[in-house]
Amino acid sequence: MPMKTLRLEVDAAHLNSDSSKASIATAAEILQKGGTVAFPTETVYGLGANALDPEAIAKIFAAKQRPAWDPLIVHISDREMLDRVARVPPGAALWPHAARLMDAFWPGPLTLLLPRHPDVPPAVTAGRPLVGVRMPQHLVAHALIRAAGLPIAAPSANTFGRISPTLARHVAEDLDGRIDAILDSGETTHGLESTVVNPNEDPCIVYRPGVITLEQIRAAGVDAVAYREIAQTSEAEPESLPSPGTAVRHYAPRARLILVDGAGEEQIRAFAKAVLAEASSGDRIGLMLPDAFESPVLGHDALVYRWGAWQDQDELAQRLFAGLRWLDSARAAVIICPLPPARGIGVAVRDRLRKAARTG
């Protein structure tokens, strides 16, 4: 493992500045030499390594303490690079689904499960025949992949099962001294991982809800259905999980997480009741507090993270992981959080929170 993690800064608004170009060139050289670099995407920070180098891939698993059964997602910069990662048989009947999704959402926060190219080490897919591929929209991620000239395997840049990082300092909290470099370009845009879709089925299967919603996929003319996680409905072994992001335990703070479901005033009252119940335990309480929930709970002695406007689901998604990490770092013993409505990106927020709470 590296003894010291190099910190590199890059300004996405000024990629042509001397300092930004130097940082990207340094990070690209590390990747070309088989090293590991954490870098920003529009979703969360990823921990990158050469997707075609088995030894580099092994460094990702070691740094994250990630089990071998959990596959990685490969990031590319263009369609030409896609040909180095995935193989789709000529005239494949379902290829139009993938092509339509690429046209609609690439570059962007959509991962497609495609037949693995033989040059991609089996460890990347955990031995599965399909490899997750996406083309990130973030200017820094795009520039880094182009500069390296390599497809980059990059799961979230955190230790396995922990909260995904949306800032470079979150990466350092988990991985400082365990990876070669961190490319710091400020806060990520969406703060939630990509949507994972298998376009080889008809209808397509959305294995992990994310920034691109099921409604948006259908609006693009692609018939798709949501996947009910095997791990939540059976005793299936983790090796049988079909996709990155479907493990039942993930995104977890160290604190115990209590979720409050419901709607309207009923949910607000249930939230306040949960706060009162935990206050009597003597544990230090942390609150993921949307604006609409402010008045019933401010009288209690609690750590409060101002989550944002309850009606703005994009803001709630973008600030979710940062809030959980902040309350964890403030040493909350228990975190109480309301679940947003199950519509739009709220479906993905609920998915992450249920996995963080380790509930079904």
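FYI, it's all coordinate maths here, none of it is from the lab. This is a predicted model, so every value here is computed, not measured. As a convention, Cβ positions derive from the backbone with ideal geometry for all residues, glycine included, and neighbour counts pool all protein chains shown.
Points worth noting:
- For R208, distant residues with modelled amide H under 5 Å away: V196
- Among T36, T125, T189, the largest mean-square fluctuation in a Gaussian network model of the chain (Cα springs under 10 Å) belongs to T189.
- Residues of type lysines that K273 reaches as a straight line, Cα spacing below 26 Å, ignoring anything fewer than 8 places off in the same chain: K355
- Each Lys and Arg adds +1 at its Cβ and each Asp and Glu adds -1 at its Cβ; summed about the Cα centre, the chain shows a dipole of about 600 debye.
- Between 0 and 90°, nearest 10: helix 54-64 axis offset from the chain longest Cα axis: 10 degrees
- Label positions at Q65 and A333, each projected 7 Å from the Cα along the C-beta direction, are separated by 2.3 nm.
- Positive-end ranking of V197, P290, A357 along the dipole of the chain, with charges on Cβ about the Cα centre, is headed by A357.
- Nearby lysines by direct alpha-carbon distance to K33 (threshold 30 angstrom, same-chain neighbours under 8 apart not counted): K4, K21, K59, K64
- Near A157, the amide H atoms lying under 5 Å from its own belong to Y45, G46, L47; only residues 5 or more places off or on other chains count, and H is placed 1.01 Å from N.
- Antiparallel %, DSSP beta bridges [both residues in the chain], to 5: 35 percent
- Using the Cβ-Cβ distance between Q311 and D78 with R0 set to 51 Å, the FRET efficiency from 1/(1 + (r/R0)^6) comes to roughly 0.85.
- Helical mean residue ellipticity (222 nm; -39500 (n - 2.57) per DSSP H run of 4+; nearest 500) of the chain: -9500 deg cm²/dmol
- Test item: Cα-centred dipole of the stretch 25-182, Lys/Arg +1 and Asp/Glu -1 on Cβ, debye: 280 debye
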